[in-house]
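In what follows, a structure is listed as structure tokens, so that the remarks can point back to it.
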Amino acid sequence: MEDRTESPAPRVAVYAPSFDAGGVERNMVLLASGFAEAGVPTDLVVAGDGARPFFDRLSPAVAVIRLPPARRQRLGATVDYLRNARPHALLSAKQDDDGYALQARRVAGVGTRVFVRFGTHVSAQPQMRSWNPLRRWWHHRRLRWILGAADGVICVSAGVAEDLVRVGGVSAERLRVVRNPALTPDLERLAGAPVDHPWFQTGQPPVVLAAGRLAGVKRFDDLVRAFAGVAGAVDCRLVILGEGRERSLLQRLAAGLGVSARVDLPGHVANPLAFMRRAAVFVLSSEREGSPNVLAEALACGTPVVATDCPSGPREILADGRYGTLVPVGDVDALGGAILAVLRDPPAPALLREAVAAHTVSAAVAGYLAAFGVRVRDGGP
């Protein structure tokens, strides 16, 4: 009689020792959980002890492997992990970690296949545009080594892939585009949760919302300037969710423009979807993105969006402007005009939700496992 027992899926590892509190880390937690829930034994490799952001969303089926916190010990600890666990595939989630993963695989002498993920335009990164030619040469050299040594390269958008072909000298055939796992099955529940903020209560003026690290690359200073103009025409508020080193700069800017009473920076919030559902418009003002989760999440909530036409995710997600307004990076007047237009005549929520049907966790999990060459049990991705 034929043996129809299915072989267990091989082990995979998500390698993220430089785990922080950004969108990449959220994506990796969702992917690791998705792999495990599809029946694939999964390790999430981080550095240091204690809780990490987004771990409350990590499936209990995922094994958390903790490396020493010191960077000088990271390579040896990764070698030990590979020799002991021998995962079939290891996904390096961030460029800071790619070199450790590839060197450790070489030293360990194991057959683990290493995949690297690119989530933003390499050509737009400061080190690739440095005034110092030696620094540019070094980072180009390192990029080409990583691309050549990796068994697979995964990009979060077609624009990121095109940029990598141009800058990294890699053939397009070696790249696979897999969208971020932006939309989770519990999105509707989270979006419908109450918001403990006075500006989001019934009867209050409309709120312009943004979210992300308070860092220069997000260009929130442009947004504050644009909002100051909008607030002169319409009674509205601006809320920027997130934390970072530019908090005081943004607060001083709002005060100087006379809108500090209408601008709030609540910091990191556990459930930004509830804010998105209640916002009148969501704005992405970045100078570069790969495939911004926040834009997909806002659209899934039925919230109108305005985004800079930065490389490269916004144009892809918004289908060249079909699902939201695109404005040039750094054009404060255009940004303000687009926000004002949406406040006065918002599009239908059903049209917006249509834009992000492919940005689900299940689609991302299936895409990554296919790249790894991992087949799962019936009913899995």
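Remarks
- Using alpha-carbon coordinates, inclination of helix 220-231 to the longest axis of the chain, degrees: 30
- Per-residue Cβ neighbour counts within 10 Å put 236, 310 in the sequence 236, 310, beginning with the fewest.
- Rg/Rh (Cα only; Kirkwood hydrodynamic radius) as it applies to the chain: 0.99
- 5 angstrom amide H check on residue 259, placed H, neighbours 5+ away: none
- For the range 38-48, 3J(HN,Hα) per residue [Karplus equation, 6.51 cos²θ - 1.76 cosθ + 1.60, θ = phi - 60°, Hz, x = Gly/Pro]: 8, x, 9, x, 9, 10, 10, 9, 10, 10, x
- Rounded to 10°, Cα long-axis angle of helix 332-344 versus longest principal axis of the chain: 80
- Between the range 227-276 and the range 143-202, the alpha-carbon center distance in angstrom: 26
- Alpha carbon centroid spacing (whole Å) that separates the range 13-73 from the range 87-102: 12
- Antiparallel %, DSSP beta bridges [both residues in the chain], to 5: 0
- Quarter of the Cα convex hull surface for the range 187-354, i.e. its orientation-mean projected area (nm²): 8.6
- Per-residue Cβ neighbour rank within 10 angstrom, fewest leading, 179, 344, 252, 225: 344, 252, 225, 179
- Listed peptides 333-339, 300-306 appear in the order 300-306, 333-339 once ranked by packing, highest mean of other Cβ atoms within 10 Å at the front.
- In a reduced charge model with +1 at each Lys and Arg Cβ and -1 at each Asp and Glu Cβ, the range 187-354 shows a dipole moment near 300 debye about its Cα centre.
- Cα-Cα separations in the range 186-275 greater than 17 Å, expressed as whole percent: 49
- Electrostatic dipole magnitude of the chain [Cβ: Lys, Arg +1; Asp, Glu -1; Cα centre; debye, to 20]: 1220
Rule-based calculations on the coordinates, nothing more; no lab input. Small disclaimer: the values here were computed from a predicted structure and weren't measured. Positions of Cβ are backbone-derived with ideal geometry, glycine not excepted, and every protein chain shown enters the neighbour counts.
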